[in-house]
Amino acid sequence: MINIDAKNHVRGTSVYLDDIREINGALYALPFYAPVAHAKIVDIDTSKALSHEGVKAIYTEADIPGDNQIGGIIPDEPLFAVHEIHYWGQPLGIIVGTSEHVCRIAREKIHVEFTPLPVITCPREAKSKNFLIAPPRAFRLGDLDSAWKECVTIVEGRVESNGQEHLYIETQGAYARMKEDGSMVISSSTQGPTAVQKTVARVLGIPMHKVEIDVVRIGGGFGGKEDQATPWAVMVALATFHTGKPVKMSMHRMDDMLMTGKRHPYTSDFKIGLSSDLKILAYEVTFYQNAGAAADLSPAVLERTLFHATNAYYVPNVLATGYSCKTNLPPNTAFRGFGGPQGMFVMESAIAKAAETLGVHAYEIQQRNLIKDGEEFSFGQIAEDALAVSTWDECVKKYNLDKRIKKVESFNYDQFRFKKGIAVQPICFGISFTNTMMNHARALVHIYGDGSIGISTGAVEMGQGVNTKLFQIVKDFFDIPISQIRIESTNTLRIANTSPTAASAGADLNGKALEMACNNIWQRLLPLIHDLLDTDTENSFKITDGWVYSGDKKTGLAWTDLVIKALQKRISLSEHAHYATPLIHFDKMTEKGHPFAYHVFGTAIVEVTVDCLRGIYEIDAVDIVHDFGISMNVPVDHGQIEGGVVQGIGWMTMEEILYNSEGRLITNALSTYKIPDIYAVPKAIQIHHIESQGHELAIKKSKAVGEPPLMYGLGAYFAIRNAVRAFNPECDFTFDAPYTPEKVLMDCFRGRKKNVNAYREKNLSDQKL
C-alpha cells in the first residue's frame, strides 16, 4: 500500500497546524525571551509594547493561574522565567495581538533590565562545579579491574560529538479555542498529546478532562516535538484562558532555532583494552552530557546512551558512567536515536583508535567482537535473535568488501589530490521506551451501520508513515474498499493517557492495540457468520473485497449485510483495546533488567571521496543490509532508512551547532546552519533485507525502522577519517564530530613532515613506475 497521505501531500491539500482556518476574531501570540544566557531579572518593562496599536495583552509568570511549571521528568523548568534567566532565549512571557506582525513590532519595545551572572556552556566545567541535572548513573558488567591485567593493548582517548538542530519543516506551534464550561481544544504540533494536555491543565489549574488536544499530523518531529512542543501550546492556552478568544502561534524559524533545545552534545572519555587476537576484554567510558538549563528529557536520553554504549559488540567487562550536566544553554531534548548515537560514536571511536595503534583495519576488530545469542549486554539483557554477525557477513559478501578495499587502496596509490575512504558500520538498537511504564497504547475502532470504519489511536503521523501501517492492519481484518476506512486525528478525548509517538515504538504499540481491537470485533462477528451461513463452526472465514469468504470461496454474504445483521442482533461493533508490551522490565537500583522488546541489527559499508586540497567530500555509496523482520510496507520502510541515513550523515559531517562564550546561538538560520541538500546526500543508497523471522513483539513481525538507520551515518565520519589518513598519515587525529570541511582541511595538513610538493613528486614518480 502506498502512503495514504501521498495524494494530499503532492497536491498541497494536507492540513497542518498553520492550515487550520482561524475563527473570526482570532488573536496571535508571540513569545518574548531573555536577551542573555544567565542573569538576575531586575525589571521587565512592557508598557511601551502594551500601548502599541493592535496589542491586546502581555502575559508573564504573574498571570499564570496554576503552576508555573512545565518540567516532565523533573519539575525544574518554569513556563516563564522568574527572578533568574538561565539561557538565552528563555521565555519571559507572551505578547497577544491582532497579528503576528503587530506582536513582532511590540516585542522590540519590551525592555528587560538584568544583572549578568557567569555563563557556563561546557559540560565538563559544569561537572567540575557539581552542576548536575540528576545524580550520575553507571552500568557495570564483569570485573573491570581484573580485565585490564589481561589486556595486551590498552588505548585511551577523548571524543566530542556536537548537537543537531531538528529542523522539522513545520515549526513549533499551537492553536487554542474555548469550548463551554471553561474547557478548551488545542491543535498542537506535538508528538506527545497527553504531555501537552497534562501540562496545560497544570499551568491553568484546571482538570485534564477540560483540555482536549487534537493532532491531525505534524510536519516532522524527530523527537523535537516530544517534550518541546508543550510550552507553545501552554502559552496559547494561557492566552485563550484569559481573553476567551481563539489564539494561534506558529513559530518563526529563527525564533524556533534560538529557543528550542537540540540533540545533546557530549564530551566523553574512553579506555579500551584488547587481547592479542583483537577481542575487546574491557571498556570504560564516561559521558558528560550537555543537558542545558533544565532536565527536559535529558535523564532518559543519558540512560539510553548507557544502554547503547557498546553498540553491536559483546564486551565482557564494562563500566559506563554518565553525568547529565547543567549549563546555560536551552534545555536539550529528544532527537532521533535518543542518546544512542552519542554512545555508539564513542565506542566506534575507541575501536578506530585501537586499530590505528595496532596497525590493523577497524573492521577486523569490529567483526571479531559482534554480539551473539546468549551473550549479555552491560545492563543485564541477554541477546536473542542477534543478527549482528548475519548482517555483517551478508553485507561484506553482497557488497564485495574485500574487492572494494583493494580498489580504494589502488585509487589512493594512484591519486594525490583525491583520496577515498571506506568504513563498515554495524548497528544494534533496542526497541522500547526505556521507562517501562510508557510501553502501552490504546486503539478505538468503530464499524458504522453502512460498513465504513473509523480508527483512532494514540499514534501521531509525522511523515514516518505510521498511519499507513495502521490502515493496513485494519484492512487485513476487514478487506473493504479503502474509501470506507478512515483514520481519525489523534485526540486525547478519544484516546487518553497516550505515550508520545517516539522511541520507534509508535507502530508496534498502537498497531498491537489496533490489532486487538479489530480481532475482538471479529471474534464477536464469527458466531453470527456461522449462524447466517449455517456452517460448521470449524469453517474459517475472512472478509475479502467486501464479501465474506469461507477459505478461498466467496459465500454470497456481503460485508454491509453482515454489519446490518450484527446491529439487528445488538452485537457491539465498537472496541477500545489496550496493549502493554509484555516481558520488559528494568530495575534502576541495580541497573539490570530486560528493557527492550527486541533489538534491530544491521551493517552498512560507507565509501567516500575527499578533495584534500579543499577539504570537501562526497559520499559515494552507502550499502546496507538491514534487519527489517518481515516488513509490512517496503516503500515506507525504505523511506525511513534513506531519511535516517542522510540525517545521520548530516550530524556526523556538516550540521554544526555553535554557541558563543556568552551562550548565544550563532548558527540560528539556514544561512549559518547547514544540512544535507541534494548535492550532499550519498550518490547511491542500496538497501538489502536480510532474511529473518521478525519478532513476535513487533507488529506483524515487522521491526521498527524509525531510529536505527540514523546510526549508519556514523560510518561516514570514519570513512572520511580513513581518506584523510591516506593523505596525511602523520596527522594526530582527534575525534570531533561533525567532521566539517574546515576540520577535514586542517587534518589534511596538520603535522605533515613533508610539504605538498614532495608528496606530489613522489606520487607522480609512483605513477610513472
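The values are calculated or read from the model by the stated rules, or taken from the named source; none is laboratory data. No experiment lies behind these values; they were computed from the predicted model shown. Please note: Cβ atoms are built from the backbone with ideal geometry, for glycine as well, and neighbour counts cover all protein chains shown. Ligands, DNA and RNA are stripped out before the accessible areas are found, and what is left, the full protein with its side chains, is counted by its heavy atoms. Shrake-Rupley method; radii C 1.70, N 1.55, O 1.52, S 1.80 Å.
How much of the accessible area of region 1-87, probe 1.4 Å, is carbon plus sulfur, in whole percent?
Ligands and nucleic acids excluded, carbon and sulfur give 49 percent.
Under a 5 Å amide H cut-off, with hydrogens placed 1.01 Å from N, Ile687 pairs with Ile624 among residues at least 5 apart or on other chains. Here the convex hull built on the C-alpha positions of region 329-411 has a volume of 180 cubic angstrom per residue.
Taking Lys and Arg as +1 and Asp and Glu as -1, the other residues whose beta-carbon sits under 12 Å from that of Ile213 total +1. The residues of the chain expose on average 39 square angstrom of accessible surface per residue, using a 1.4 Å probe on protein heavy atoms.
Based on the Kirkwood radius over alpha-carbon pairs, what is the Stokes-Einstein translational diffusion coefficient of the chain at 20 °C with 1.002 mPa s viscosity, in µm²/s?
Approximately 77 µm²/s, per Stokes-Einstein.
Less than 9 Å Cβ to Cβ from Ile382, Lys/Arg counted +1 and Asp/Glu -1: what total charge do the surrounding residues give? That sum, taken over residues with Cβ under 9 Å, equals -4. Convert 10 °C to kelvin, take the viscosity as 1.306 mPa s, use the Kirkwood radius over C-alpha pairs of region 241-355 as Rh, and evaluate the Stokes-Einstein diffusion coefficient in µm²/s, rounded to a whole number. Answer from the Stokes-Einstein relation: 100 µm²/s.
Computed from the Cβ-Cβ distance with R0 of 45 Å, the FRET efficiency linking His252 to Glu730 stands at 0.40. Assuming charge only on the beta carbon of Lys and Arg (+1) and of Asp and Glu (-1), the dipole of the chain about its Cα centre is about 1000 debye to the nearest 20. Residues whose amide H falls under 5 Å from that of Gly629, counting only those 5 or more places apart or on a different chain, are Gly694, Lys703, with hydrogens built in the peptide plane.
How high is the FRET efficiency from Asp277 to Asp373, r the C-beta distance, R0 22 Å, rounded to 0.05? Calculated value: 0.55.
Karplus-derived 3J(HN,Hα) values for region 250-256, using 6.51 cos²θ - 1.76 cosθ + 1.60 with θ = phi - 60°, are 10, 5, 5, 4, 5, 5, 4 Hz; glycine and proline are entered as x. Calculated mean residue ellipticity, 222 nm, the chain: -9000 deg cm²/dmol, from DSSP H runs (n ≥ 4) at -39500 (n - 2.57) each, averaged per residue and rounded to 500.
Amide H contacts of Leu297: Ala334, each under 5 Å away and 5 or more positions distant or on a separate chain (H built 1.01 Å from N in the peptide plane; Pro and chain starts excluded). Against the empirical 2.2 N^0.38 Å (N residues), region 139-201 has a Cα radius of gyration ratio of 2.36. Ligands, DNA and RNA excluded, the heavy atoms of Tyr448 present near 110 Å² of accessible surface to a 1.4 Å solvent probe.
Among the listed pairs Lys179/Lys210; Lys279/Lys703; Lys397/Lys700; Lys225/Lys469; Lys475/Lys542, a Cα-Cα separation exceeding 18 Å is found for Lys279/Lys703; Lys397/Lys700; Lys225/Lys469. Phi angles across region 29-36 convert, under the Karplus curve 6.51 cos²θ - 1.76 cosθ + 1.60 with θ = phi - 60°, into 3J(HN,Hα) values of 10, 9, x, 10, 9, 5, x, 9 Hz, Gly and Pro given as x. Give me the tail of P(r) for region 324-372 as a percent: Cα-Cα pairs with distance above 12 Å. Beyond 12 Å sits 72 percent of the P(r) for region 324-372.
With θ taken as phi - 60° and the Karplus curve 6.51 cos²θ - 1.76 cosθ + 1.60 applied, the whole-hertz 3J(HN,Hα) list for region 652-661 is 7, 10, 10, 7, 10, 7, 10, 10, 7, 5 Hz, x standing for glycine and proline. Normalised Debye scattering of region 429-537 at q = 0.12 Å⁻¹ gives log10 I(q)/I(0) of -0.46, counting only Cα atoms as equal scatterers and leaving out solvent. Within a straight-line Cα-Cα reach of under 23 Å, Lys403 can be paired with the following lysines, leaving aside sequence neighbours fewer than 8 residues apart in one chain: Lys419, Lys420, Lys683.
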